[in-house]
Protein chains: 2
Amino acid sequence: MAKKQKKQPRPKAMTPRGFRDSFGAEVEARRTMLGKIAEVYHSYGFDPLETSAIETVEALGSFLPDVDRPNEGVFAFRDDDESWLALRYDLTAPLARVAAQHRLDLPSPYRRYAMGPVWRNEKPGPGRFREFWQCDADTVGTSTVAADAEICGMLAAALEHAGIARDQFLVRLNNRKVMNGVLEVAHLLGEDKSAQRGIAMRAVDKLDRLGIDGVRALLGAGRKDESGAFTEGANLGDEQAEIIIDFVQAERADGGATCARLLELVSGSETGREGVEELEEIATLLDAQGYGSDRIKIDPSVVRGLGYYTGPVFEAELTFDVIDEKGQKRQFGSVAGGGRYDDLVMRFTGQRTPATGVSIGVDRLLAALSATGKLDAGAARGPVVILALDRDRMAHYQTLCAELRNAGIRAEVFMGGGTNMGKQLKYADKRAAPLAIIEGGDEAERGVVQIKDLVLGAKLAEKIESNEEWKAQPAQREVARADVLAAVREMLAR
Amino acid sequence: MAKKQKKQPRPKAMTPRGFRDSFGAEVEARRTMLGKIAEVYHSYGFDPLETSAIETVEALGSFLPDVDRPNEGVFAFRDDDESWLALRYDLTAPLARVAAQHRLDLPSPYRRYAMGPVWRNEKPGPGRFREFWQCDADTVGTSTVAADAEICGMLAAALEHAGIARDQFLVRLNNRKVMNGVLEVAHLLGEDKSAQRGIAMRAVDKLDRLGIDGVRALLGAGRKDESGAFTEGANLGDEQAEIIIDFVQAERADGGATCARLLELVSGSETGREGVEELEEIATLLDAQGYGSDRIKIDPSVVRGLGYYTGPVFEAELTFDVIDEKGQKRQFGSVAGGGRYDDLVMRFTGQRTPATGVSIGVDRLLAALSATGKLDAGAARGPVVILALDRDRMAHYQTLCAELRNAGIRAEVFMGGGTNMGKQLKYADKRAAPLAIIEGGDEAERGVVQIKDLVLGAKLAEKIESNEEWKAQPAQREVARADVLAAVREMLAR
């Protein structure tokens, strides 16, 4: 309900910077895609959870470095009682809060999925919004890698069910423990090595883009790119660098061989050995569920949020090519990722609560479905539009419209001003109406209606001059009033 | 992604005051209900619209009386550039902004529906939250009452499709213009009468609760309630009061008779006559669509947000009885309402843009479906739980689980700690699992599994002592491993 206005300058009709609206077909495409994903999550025993959009700043795990401007990165505001509230910036922090708050009531393990908007108080840019959707699934309260395997398999099933073909994606799997084992063997653990370690891991993460020589340069003294800009390297010794290089190149023909190679590389590291065993176990479990290495494979070059994850990590990547902004062909790339994180609930309870989960990038996946022509075409189809050429016959138009709706056909009567046929047909076009139904005085007298196929009609329209000629086209049919429903059904089906 | 923590006191795991989380069955029930409503809105030609949760304060139509605490009633905060933003408090204000912002691109009339959370910075209380869902449909850009009629019919169809039976609800329809006509006849128009007018209209609105004598008292000197509290009346003259009383009692056996009576009452008022004609036209149009007065009827006692609406107003009310907090039987009451408002878009454009719409109270309607036992029982059903009694057989359990999922059966393997059967069955109960599948070492050796019907099992459990006796119960079946899928299907169907 809007309040009464005092005399004020007219407000601008604009979304705030970095926000947007979603219309019709776009909303339906997202809803359909999320519905498909939810079906898979549901079949895997995951329950939906919808947390409040607003959390206390403490629960979100942000700080108050400056009372006047807390929480760079989140939208925060003071409540009546002077406490700070903020809009959630992801779906994981609220899950951790829920897992702690309801730990006595929730089943353990707790499998939940969540789909909804999150908000980031960041600088908006092209394709970069301050409100966007996430779609997460997590299992909280179990340390078994069977849970990680389940999430990986479920991710693959969800992508397929959403419309990504089996040969168009790959879930790549690694383990933080294996990486730690490699770092241990390369003598890169310890506080004093954290800068070197960080550079080295970021270098590994760039393998796809820079190739092995680029990574080697970054592990050593550094690298100059084509523009001449220099990136400082990790300055590792040759032997150290070689260990890392061996690690990112450890992939073999199949999972078993890859694991055997990894085991050699982490020789002497207990953590590393444990990590490889976990990868082997995950591969066995996935195999038992029918997920072979054509869909989910061990890939030692996967590096994700090292500070956050504590065990298996994975990434789903789309393998087909798209043309990027620069007109160059490149792989579509990552649409989802996740892994094991065992420390988030502990913030609240003081007790370690193992958890693992995945987050699908909703906008990215929608873009991929759009790029592959997999968006539901039906979503974009408008209603059958019944023209209102004779205002006195509005009740008759409504009866006809009700007949169509009752038969499950999306339909509406034109309700704009005027009785001009051209204007009404233009409206029908704007609505992406498949058919327009025309019943003027002449037709009413003769007990018939005209049904115009607007899709076909648009194709023919340019070539036609006279109205008579136009009526003779197959794009328009005259049918008896009693036969309208049957004719509409038939024309919609063709 | 959570940031690394500095040493801090543990945060409380709590939603902020007035916020809540929705779990599993509750989320699914709401989603199912909104899905049903969306189907009807879609079939009527309405397109979904999802606006940003955040709007500029100017666009929302609020003011800045106090820079430190703007917008009583909304959650507001300053953006980087010092402008004020706020969370939307309803779905109508964003629609007005969209209709103005995109007026050159949108079809006209623009039919849209919207479903989503809104936020009110108000004092929370029992059943009163600061975040809740709304579900609106509006037609913007047409002044024809055919649009009002369409919204009324669509509301009735939506309620039925959501699960409210045809004899359990009634859409009651009135017209602001008729009320204005009556006020004109009663000499209650004009600025100086606004206080009297307000009291009189509120009195009419209380007809259901106070009866005609209560209304009469409030139109006159005032009314003392059972507790002895006195409410000041409108102090109308007898003749004035009689006109209002006649108006609220104007309902007759059918819409035609009611309209005839209303026409007598507003005799001499041009506005009133126009209002009655609109009601007649709406009734004709609804009739043409098959909506008789058993579902939508003219009721002169309907009073809704007088300051806001400019024409037809309506309210959907559920007519079955529920037991209230005080243990008393009363009608369930209103679940939706709406009407014509012609001035909201003008704030932005300066041009009058006629609009009409409806808002369904999502929580109220869900409560009604719950009260009538109409919530989808399937939504509350958990997955089939495969117990993991033998950790070495995890891969086998996963294979079995995949078989069930591939056949469309919701299923999961227990992944908590320990191999204790009692604990795992308790987990299955907590998950509302219909069946538990048990395959221990003994069963594995014999190539069989046990399938336990947990619903039936719970009923029988108290009476059974020994394990042998328990196995003999019909609640548990032993089947060959190859026959599990068929047996599960059969047991789920019964």
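Angle, helix A:176-185 long axis vs. longest principal axis of chain A, Cα atoms, 0 to 90°, nearest 10? Tilt relative to chain A: about 30 degrees.
For the range A:226-338, the Cα-based Rg and Dmax, in that order, read 16.9, 50 Å.
Please sort by residue number the GluC sites (Glu not before Pro) in the range B:296-367 whose DSSP state is loop and whose Cβ has at most 12 other Cβ atoms within 10 Å.
Values: sites: B:GLU315, B:GLU317, B:GLU325; in loops: B:GLU325.
Answer by residue number: B:GLU325.
With angles folded into 0 to 90 degrees, how steeply does helix A:484-493 sit against the dominant principal axis of chain A? Use alpha carbons for both and round to 10. Roughly 30 degrees, rounded to the nearest 10. Centre-to-centre separation between the Cα atoms of the range B:293-370 and those of the range A:214-276: 66 Å. Sequence-ordered 3J(HN,Hα) estimates for the range B:124-135 from the Karplus curve with 6.51, -1.76 and 1.60 and θ = phi - 60° stand at x, x, x, x, 10, 10, 8, 9, 8, 8, 10, 9 Hz, glycine and proline given as x. Taking a straight Cα-Cα cut-off under 15 Å and skipping sequence neighbours fewer than 8 places away in the same chain, the aspartates and glutamates within cross-link reach of A:LYS430 are A:GLU412, A:ASP453, B:ASP47, B:ASP105.
Please work out the ratio of the alpha-carbon Rg of the range A:383-493 to 2.2 N^0.38 Å and round it to two decimals.
Numbers: Rg = 12.9 Å, N = 111, 2.2 N^0.38 = 13.2 Å.
In units of the globular-protein estimate, the range A:383-493 measures up at 0.98.
Within the shell of other residues whose beta carbon sits under 11 angstrom from the beta carbon of B:MET415, the net charge comes to -1, with Lys and Arg scored +1 and Asp and Glu -1.
Determine the sum of side-chain charges near B:GLY190: Lys and Arg each +1, Asp and Glu each -1, restricted to other residues whose C-beta is under 10 angstrom from that of B:GLY190.
Working: positive: B:LYS193, B:ARG197; negative: B:GLU184, B:GLU191, B:ASP192.
Every neighbour counted, the sum reads -1.
Per-residue mean of foreign Cβ neighbours for B:134-143 is 1 (Cβ atoms of other chains, 10 Å radius). Between the helical axis of A:194-205 and the dominant principal axis of chain A, each derived from Cα atoms, what acute angle in degrees is found, rounded to the nearest 10? Helix A:194-205 and the main axis of chain A meet at about 50 degrees. Charge tally for A:GLY45 (other residues, Cβ to Cβ under 13 Å; Lys, Arg +1; Asp, Glu -1): +2.
With N counted as the residues of the protein assembly as shown, its alpha-carbon radius of gyration over 2.2 N^0.38 Å works out to 1.07.
When only the Cβ of Lys, Arg, Asp and Glu is charged (+1, +1, -1, -1), the dipole of chain A relative to its Cα centre reaches about 2080 debye.
When the charge dipole of the protein assembly as shown is built from unit charges on Cβ atoms (+1 for Lys and Arg, -1 for Asp and Glu) and taken about the Cα centre, the candidate among B:ILE37, A:TRP119, B:LEU425 whose Cα reaches farthest toward its positive end is A:TRP119.
Given +1 on the Cβ of Lys and Arg, -1 on the Cβ of Asp and Glu, and no further charges, what dipole in debye does the range B:149-272 carry about its Cα centre, rounded to the nearest 20? Walk me through the numbers before you get to the answer.
Numbers: 14 positive and 20 negative charges, 46 e Å.
In debye, rounded to 20, the range B:149-272 gives about 220.
Dipole check for the protein assembly as shown: with +1 at the C-beta of Lys and Arg, -1 at the C-beta of Asp and Glu, and the Cα centre as origin, the magnitude is about 800 Debye.
Could you give me D for the range B:24-371, from Stokes-Einstein at 10 °C and 1.306 mPa s, where the hydrodynamic radius is the Kirkwood radius over C-alpha pairs? Units µm² s⁻¹, please. Each step should come with its number before you reach the end.
Values: Rh = 21.6 Å.
This corresponds to a translational diffusion coefficient of 74 µm²/s.
Residue pairs exceeding 19 angstrom between C-alpha atoms, taken from A:LYS374/A:LYS452; B:LYS374/B:LYS459; B:LYS374/B:LYS452; B:LYS36/B:LYS374; A:LYS36/B:LYS36; B:LYS326/B:LYS374: A:LYS374/A:LYS452; B:LYS374/B:LYS459; B:LYS374/B:LYS452; B:LYS326/B:LYS374. Residue by residue along A:54-60, Cβ atoms of other protein chains within 10 Å of the local Cβ number 6 on average. Each DSSP beta bridge with both residues in chain B is either parallel or antiparallel, and the antiparallel ones are about 85%. Working note: Karplus 6.51/-1.76/1.60 with θ = phi - 60° gives the range B:28-44 the couplings 5, 4, 5, 4, 4, 4, 5, x, 5, 5, 4, 4, 5, 4, 4, 5, 8 Hz, where Gly and Pro are set to x. Normalised size of the range A:172-288, defined as Cα radius of gyration per 2.2 N^0.38 Å with N residues, equals 1.11. Estimated at 0.36 nm per residue, the fully extended path between B:SER227 and B:LYS206 surpasses their Cα-Cα distance by 5.8 nm.
Approximating the spin labels as points 7 Å out from Cα along Cα→Cβ, the A:THR372-to-A:PHE132 distance works out to 2.0 nm. Taking every residue in A:17-30 and counting other chain Cβ atoms within 10 Å of its Cβ, the average works out to 5.
Every number in this text was worked out from the coordinates using simple rules, so none of it is lab data. Not measured: the values here are computed from a predicted model. Every residue, glycine among them, receives a Cβ derived from its backbone with ideal geometry; neighbour counts consider all protein chains shown.
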